[in-house]
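Here's the structure we're looking at; comments come further down.
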Amino acid sequence: MSRKRKPKFLSPEVLDTHLRVGEPAQSAGGLTAVKVALSMSVEQMGLARTAKVLREVNQKQGFDCPGCAWPDPEDHRSIAEFCENGAKAVAEEATQKRITADFFARHSVEELSCQTDHWLSQQGRLTQPMYLAADAAHYTPISWHDAFAKIGGALKALPSPNEAVFYTSGRTSNEAAFLYQLFVRRFGTNNLPDCSNMCHESSGQAMLGTIGTGKGTVSLKDFDSADCIVVIGQNPGTNHPRMLRTLQHAARRGCQIISINPLAETGLKRFQYPQEVSGIFGKGTPLATRHVPVKINGDVALLKGIQKVILQDHAATIAKDFIQRNTEGFDQYRNDLAAEPWENIVRGSGISEAQIREVAAVIASSKAMICCWAMGLTQHRNAVGNIQEIINLLLLGGHFGRAGAGACPVRGHSNVQGDRSMGIWERPTAEFLRALGKQFHFDPPQKHGYSTVEAIQAMRVGAVKFFFALGGNFLSATPDTAFTAAALARCDWTVQVSTKLNRSHLITGTQALILPCLGRTELDMQATGAQFVCVENSMGVVHSSRGNLQPASQHLMSEPAIIARLASATLGVDWSSFVGNYDFIRDHIANVIPGFQNLNAKVRQPGGFELPHEVRDNRNFATPTKKAIFTVHPIPHLEVARGQFVMTTIRSHDQYNTTIYGMQDRYRGIHNGRRVVLMNAQDIAEQNLSAGDAVDIVSHFGGARRRAQNFRVVAYEIPRGCVATYFPEANVLVPIDSFAEGSLTPTSKSVIISLERGAVAP
Ligand SMILES: Nc1nc2c(c(=O)[nH]1)N[C@H]1C(S)=C(S)[C@@H](COP(=O)(O)OP(=O)(O)OC[C@H]3O[C@@H](n4cnc5c(=O)[nH]c(N)nc54)[C@H](O)[C@@H]3O)O[C@H]1N2
Ligand SMILES: Nc1nc2c(c(=O)[nH]1)N[C@H]1C(S)=C(S)[C@@H](COP(=O)(O)OP(=O)(O)OC[C@H]3O[C@@H](n4cnc5c(=O)[nH]c(N)nc54)[C@H](O)[C@@H]3O)O[C@H]1N2
Ligand SMILES: [Mo]
């Protein structure tokens with residue numbers, strides 16, 4: 001008997017009773033990192049599989065690590081080119097645990113929804129297509145044939161193609177991404193939101209508008225000759241651990257490394273490279289030469305202060321010829337900085353004038369500076385402004401098109417940059433659409449589609465009825481979880497192509513499908529033999545990725561195969577030749593996407609190839625005037641009433657976005673719990689609270705209040721007035737209508753909150 005289901009959209013909001021808080025670690029890496037990586041790998045994969053898999057990560061003939069987008073070294077790859085968190089990401093996918101049809105027979109959707117995200121993540125790989133009928137309590141098995149027939153039928157029945165939305169998460173290969181956007185555009189819409197909308201969209205928009213490219217302007221080899229590296233709003237020790245090795249090389253050469261972050265992240269303090277004797281027995285290499293504990297969203301104020309000092313006191317160091325020849329907007333920019341009162345800079349950044357002067361002196365003396373940043377800058381209302389201030393700073397010193405210098409937005413998902421290159425974008429350029437239409441003889445839709453936030457709003461009002469996701473965990477990754485849950489529930493259909501179970505399988509439209517696919521690590525056997533795919537890393541290197549493990553189940557399909565069947569069921573086209581041999585997809589990519597000419601030959605070179613980059617290689621700025629543009633940004637002012645705080649949402653050391661590996665945030669010293677709010681000890685006292693107390697968090701936006709229950713207060717070194725919580729537990733607090741100007745990225749790093757003493761005693 002089926003009955004109407006009422007699944008819960010959140011992990012249970014219960015207090016962590018075993019929470020243990022110790023001192024933050026003083027160095028990252030070392031033997032502990034190896035031990036943790038190996039123990040989780042062996043637990044998930046067993047010994048033999050662990051040995052096989054870890055030998056192949058990031059090797060030229062192996063598969064691309066699904067962990068992050070940090071590039072692999074060109075000449076000196078070690079035999080173990082992975083890190084603790086890369087190993088966890090691999091183990092998560094190559095686990096030997098399986099979810100079969102009887103799992104869904106045993107557990108109703110509602111029951112599953114009462115489990116934590118950690119529990120859901122740990123149930124193993126999805127093994128066969130599953131269908132959730134209208135009002136059914138359980139998923140039941142369905143054949144691939146019937147699944148595609150249902151999808152094709154539903155899509156064809158929509159009154160307009162714009163009533164469907166096609167999301168992508170950044171793990172999708174170039175081949176799958178290209179085929180997917182082709183299918184979606186032939187179907188007739190540009191509704192292609194992706195995880196980038198919540199990630200580096202602000203970086204892309206900021207750079208496009210000022211230097212005429214959305215991609216970073218450095219190569220990995222530039223880190224060998226930089227004399228100053230700024231790491232701002234990024235926690236590489238956890239999220240890009242292989243970057244620590246790059247920073248270690250730089251530090252040993254005497255390169256200045258400046259960390260700008262409200263938290264003194266362990267990964268930027270010291271690093272012990274586990275493959276060196278000193279990495280095991282020593283104290284490790286100090287990394288950041290300076291730490292600047294900026295307030296949350298104090299970056300515009302701080303960067304303006306630094307530039308004001310350089311213009312006033314170090315004018316001889318600015319790149320006068322470059323500025324004259326290659327830029328515009330300088331006078332207005334200089335006048336604005338001259339007029340900016342120090343009082344606003346110090347109040348806005350939380351950093352003293354003296355400290356700002358010291359940092360400015362280091363930056364002014366740099367001949368080759370790289371600025372790296374990630375989510376600490378991109379998820380604020382003024383995120384585009386944050387990044388344009390970094391561009392201003394780099395322009396001031398002429399740090400473009402010069403060895404050892406440039407802008408480095410450090411990407412998240414391992415192929416998020418490649419997916420954009422392939423056309424996963426709701427706002428495609430006219431040139432791109434022209435090339436695509438010419439190659440495939442059709443008229444692509446010109447009207448721009450929905451970004452992630454717009455898609456949720458459209459679902460919520462019933463303007464979108466069909467939701468399809470190529471990977472990811474839309475419900476938990478997006479802001480305002482309750483709102484998004486209601487939006488998804490209004491859809492007729494929600495379809496997820498996935499490797500692992502997550503909450504987006506449980507909060508569904510009237511009918512839902514789970515389509516299980518092959519992962520990176522697995523052998524992809526098609527009609528003409530084993531296939532490989534290609535990906536693009538954070539620095540524009542495109543290379544192959546070839547899995548070697550037996551697939552988790554004989555029923556899995558590859559992502560390109562799923563898309564081809566989708567196209568066949570919906571458009572009646574026959575794309576079987578693309579699936580039989582991915583070279584045919586790559587031939588089309590080569591004809592449509594600039595820089596990818598001759599892809600099939602180039603991607604077969606060991607290590608792949610580097611895409612051309614006009615700013616990096618030739619100092620050409622593709623703006624309307626061919627000049628880079630200085631921009632002016634007011635210091636942002638957040639309305640924070642008495643008793644309120646600015647909250648940032650961050651990743652622990654034991655998660656991959658919404659996939660929770662475990663409960664240990666080792667570097668920060670927080671164990672056995674995730675429902676925590678990190679606060680300054682003085683703020684705790686002022687609120688009449690004590691460390692360990694239970695609180696509810698209430699966010700405030702436009703008169704609306706949102707609540708998350710049962711967090712515990714943790715005393716932490718964080719600037720006054722600022723607090724931090726983990727993503728995705730806190731997403732319920734992020735308002736759907738609060739997003740960055742110019743990029744629509746949710747403001748997950750500046751949420752105004754207050755605390756209320758929890759109903760439950762600790
Ligand atoms: N192991 C692991 N690796 C990952 C991921 C993962 O979840 N786990 N996720 C991947 C993805 S998709 C991405 S996008 C990246 C994310 O990589 P990061 O951007 O490093 O991830 P976050 O934890 O969001 O960290 C943001 C950092 O910014 C700081 N910060 C917060 N607010 C501010 C601010 O207002 N100003 C400044 N200056 N700093 C601030 C935080 O203290 C934190 O150190 O990592 C990728 N790699
Ligand atoms: N509050 C807050 N919210 C945030 C952020 C934040 O910092 N704070 N960060 C944002 C950022 S930077 C990002 S990128 C998004 C992440 O958003 P998403 O990319 O949507 O989320 P993930 O958690 O990475 O997706 C995990 C799921 O992907 C599926 N998966 C894994 N590998 C594969 C594969 O090879 N193929 C397929 N088809 N599926 C696969 C698995 O089923 C897994 O459950 O979250 C955003 N949300
Ligand atoms: Mo991301």
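What the table shows:
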| quantity | calculated |
| --- | --- |
| For the chain, calculated [θ]222 nm from helices alone, where every DSSP H run of n ≥ 4 adds -39500 (n - 2.57) | -9500 deg cm²/dmol |
| Share antiparallel - DSSP beta bridges, the stretch 218-409, percent rounded to 5 | 10 |
| Quarter of Cα convex hull surface for the stretch 218-409, i.e. mean projection, nm² | 10.5 |
| Solvent-accessible area, 1.4 Å probe, carbon plus sulfur percent, for the stretch 337-410 | 55 |
| Protection proxy ranking, peptides 196-204, 244-252, average beta carbon neighbours within 10 Å, highest first | 196-204, 244-252 |
| Euclidean distance of C-alpha centroids, the stretch 390-441 and the stretch 601-668, integer Å | 12 |
| Å³ per residue enclosed by the Cα convex hull of the stretch 465-556 | 131 |
| Solvent-accessible heavy-atom area per residue, rounded to whole Å², over the chain at 1.4 Å | 35 |
| DSSP-defined beta bridges in the chain - what % are antiparallel, rounded to 5 | 45 |
| Average Cα contact separation per residue, the chain, under 8 Å, 6 or more apart, as relative contact order % | 22 |
| Relative contact order of the stretch 373-425, pairs being alpha-carbon contacts under 8 Å that are 6 or more residues apart, as % | 31 |
| Cα-only Debye scattering, the stretch 31-92: base-10 log of I(q)/I(0) at q = 0.14, 0.21 Å⁻¹ | -0.35, -0.79 |
| Along principal axes, Cα extents of the stretch 329-392, largest first, whole Å | 29, 28, 27 |
| Cα-based convex hull, the stretch 167-283, per residue volume (Å³, whole number) | 155 |
| Rh (Kirkwood; distinct C-alpha pairs) - the stretch 616-762, Å | 17.2 |
| Burial ranking of peptide ranges 577-589, 48-60 (average Cβ count within 10 Å, highest at the top) | 577-589, 48-60 |
| Which of Trp342, Trp119 is most accessible, then next, and so on - probe 1.4 Å | Trp119, Trp342 |
| Estimated FRET transfer efficiency when R0 is 51 angstrom, pair Asp617-Lys52 (beta carbons, to 0.05) | 0.85 |
| Order by protection proxy (mean Cβ within 10 Å, highest first), peptides 535-548, 101-114 | 535-548, 101-114 |
| Accessible-area composition of the stretch 627-703, carbon plus sulfur, in percent [1.4 Å probe] | 49 |
| 3J(HN,Hα) from dihedral phi, the stretch 374-389, Karplus parametrisation 6.51/-1.76/1.60, rounded to Hz, x for glycine, proline | 8, 5, x, 9, 8, 10, 10, 4, 9, 4, 4, x, 3, 6, 5, 5 |
| P(r) weight above 50 Å for the chain, C-alpha pairs, percent | 10 |
| Heavy atoms of Tyr716: accessible area, 1.4 Å probe, square angstrom to 10 | 30 |
| The stretch 180-243 - Rg over Rh from alpha carbon coordinates, Kirkwood radius | 1.10 |
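The values are calculated or read from the model by the stated rules, or taken from the named source; none is laboratory data. Predicted model only: the values in this text are computed from it and were never measured. Methodologically, a virtual Cβ is constructed for each residue, glycine included, from the backbone with ideal geometry; neighbour enumeration extends over all protein chains shown. Quick note on the areas: whole protein, heavy atoms, side chains included, nothing else; ligands and nucleic acids left out. Shrake-Rupley method; radii C 1.70, N 1.55, O 1.52, S 1.80 Å.
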